1. Got a sec? Which of 457, 392, 427, 443 is at pLDDT below 80 and over 28 Å from residue 353 (Cα atoms)?
2. Any residue at all in region 260-279 that is outside any loop (DSSP other than H, G, I, E, B), touching a residue at least 24 places away in the same chain (Cβ under 8 Å), among the charged types (D, E, K, R) and open to solvent by 10 Å² or more (accessible area, probe 1.4 Å)?
3. Hey, any hits in region 306-329 for a residue that's open to solvent by 80 Å² or more (accessible area, probe 1.4 Å), within 30 Å of residue 222 (Cα to Cα) and at pLDDT 85 or above?
4. Restricting the search to region 84-123, which residues are touching a Pro at 6+ places or on another chain (Cβ under 8 Å) and part of a helix (DSSP H, G or I)?
5. Search region 143-163 for residues that are in contact (Cβ under 8 Å) with a residue 12 or more places away in the chain and pair each with any residue that is in a helix (DSSP H, G or I) and of a type in the set (Ser, Thr, Tyr) when their beta-carbon atoms are under 7 Å apart and the residues are at least 6 apart or on different chains.
6. With respect to residue 4, is the statement that it is surrounded by fewer than 17 Cβ atoms within 10 Å (Cβ to Cβ) and either within 24 Å of residue 131 (Cα to Cα) or modelled with pLDDT under 90 (or both) true?
7. Could you grab me the full set of residues in region 15-32 that are open to solvent by less than 20 Å² (accessible area, probe 1.4 Å) and either outside any helix (DSSP H, G or I) or among the polar types (S, T, N, Q) (or both)?
8. Could you list all residues from region 353-375 that are assigned to a helix (DSSP H, G or I) and either among the polar types (S, T, N, Q) or touching a Gly at 6+ places or on another chain (Cβ under 7 Å) (or both)?
Amino acid sequence: MKTDPLATPVLFIDDELAMRVSVTQWLQLAGFAAQGFETPQPALDLLSPDFPGVLVTDVRMPRMDGMAVLERALERDADLPVILVTGHGDVALAVEAMRRGAYDFIEKPFEPDNLVAVLRRAAEKRRLVLENRGLRRRAAGGGIEARLIGTSPAIAELRRDLIDLAATSASVLIHGETGTGKELVARCLHDFGPRGSKGAFVAVNCGAIPDSMAESELFGHEPGAFTGATQRRAGKLEHSSGGTLFLDEIESMPLAIQVKLLRALQERTIERLGSNKQVAVDLRLVAATKIDLLDLSEEGRFRADLYYRLNVAELHIPPLRARAEDIPLLFDYFTAEFATRHTREPRPLEPADLDALLAHDWPGNVRELRNLAERHVLSVGRSGVAGLLRRRALGIGAGGEAAAAPRALADQVDAFEKRAIEQALERCKGDIKAVMDLLDIPRRTLNEKMARHGLDRMRFLPRV
């Protein structure tokens, strides 16, 4: 009987001819590339760390029993799925075998469909294991597959387009939802292009820069250009000369700064704030947005001429829900990463966990998945991924407490204000003058707000 050459191999060991023939034929009809073996050694000889299939063995056999087969198979690859077929009196033995590393066991007499269901789960696990090994090998070589992980057609197309554009100096506009990895894609454009070896990658979140600081931040300033400007400072455009400037959330850039950026891109020169001298810059611009800039330009909220200057080439990052086949692979990759970081043993996924991962709509995309993987690694004695997702949907905190009811708007504004001042203090290392400039507020107002929120600048001073 011919089988699909891409079907999962299944090696079935049983010394009973009738059982061996009937099960092998049933598995072939179910779509597996099944082979039957009367004795274990020929099947064991086919095993290697790259074997893409599953081993199924009877427990009671002469010369070499199923426990010995399990031990020798796992010596070849500790992650190989091995399924034991047991008689009625062998269940305790099979449980012991699972403790030693068997994937599962099935008790005689069994329904063939039950074996097929177990095999399909084992085959999926094997596929993920081998794909992760391949990713780690490519990661060691620094390839694009190690940076943009996935096997879906959508992510494969993104990698191809990215490599094509990386070799050019064209401006690129990246479209993607929050959490899809826009900065990662921008960094890949830099690293895999000619500028990666000679210039800096400079990332700027336009949404995080106060309007009053935007010009100084991007174009630099001369001493005395404004209060607190005591020395010359190169801006982000000048700093990225020879490399790549990444402007995230470009839609947040003030219109007045858009005019100056457009001129800088056209003339390849900039003027520092407070100076009349032209400074030549040679940079590649990569911008990112989560909304349609053309719609914004039609509303008068984004300059159309800058949009067309930025949009020489486009890259669209698919949301995670559009490449569901990558979710188990990404989750396994992140789990291994965090298990190493936190010196924890990776926790295996149960079938219900996998179902929960695939059923979730992932509004936070890869960032949300990565966060869940870390929580999964750090969760001890709690429910698995399915439970974590249920708790999140119900608004239950990590300690089991229900999430607080929505707060009044004034309370939310106060919390935001406190966090903004804290971040400014952290960034400025407790320098009140620098915080005043960053937040564009007078000293008396800043002192009042710090007192109201219980913030002490001493907590943010550099440690000696």
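1. Numbers: 392 fails: over 28 Å from residue 353 (Cα atoms); 427 fails: at pLDDT below 80; 443 fails: at pLDDT below 80.
Criteria check complete, one pass: 457.
2. Taking region 260-279 and keeping what is outside any loop (DSSP other than H, G, I, E, B), we get 260-267, 269-271, 273, 278-279.
Restricting the remaining residues to those that are touching a residue at least 24 places away in the same chain (Cβ under 8 Å) gives 260-262, 264-266, 270-271, 273, 279.
This time we only want the ones that are among the charged types (D, E, K, R), so: 260, 271.
Filter once more, keeping what is open to solvent by 10 Å² or more (accessible area, probe 1.4 Å): 260, 271.
Within region 260-279 (the criterion being outside any loop (DSSP other than H, G, I, E, B), touching a residue at least 24 places away in the same chain (Cβ under 8 Å), among the charged types (D, E, K, R) and open to solvent by 10 Å² or more (accessible area, probe 1.4 Å)), the answer is yes, since at least one residue qualifies.
3. Within region 306-329, one or more residues are open to solvent by 80 Å² or more (accessible area, probe 1.4 Å), within 30 Å of residue 222 (Cα to Cα) and at pLDDT 85 or above.
4. 121, 122, 123
5. Cβ pairs passing all conditions: 149/333.
6. Details: surrounded by fewer than 17 Cβ atoms within 10 Å (Cβ to Cβ): yes; either within 24 Å of residue 131 (Cα to Cα) or modelled with pLDDT under 90 (or both): yes.
Here the answer is yes, as residue 4 does meet what is asked.
7. Of the residues in region 15-32, the ones open to solvent by less than 20 Å² (accessible area, probe 1.4 Å) are 23-24, 27, 32.
Across region 15-32, the qualifying residues are 24, 32.
8. To start, the set of residues in region 353-375 that are assigned to a helix (DSSP H, G or I) comprises 353-359, 365-375.
If the condition is that a residue be assigned to a helix (DSSP H, G or I) and either among the polar types (S, T, N, Q) or touching a Gly at 6+ places or on another chain (Cβ under 7 Å) (or both), then 353, 365, 366, 367, 368, 371 are the ones that fit.
The values are calculated or read from the model by the stated rules, or taken from the named source; none is laboratory data. Computed from a predicted structure; not experimentally measured. As a convention, Cβ positions derive from the backbone with ideal geometry for all residues, glycine included, and neighbour counts pool all protein chains shown. In case anyone asks, the SASA skips ligands and DNA or RNA and just uses the protein heavy atoms, side chains included. Shrake-Rupley method; radii C 1.70, N 1.55, O 1.52, S 1.80 Å.
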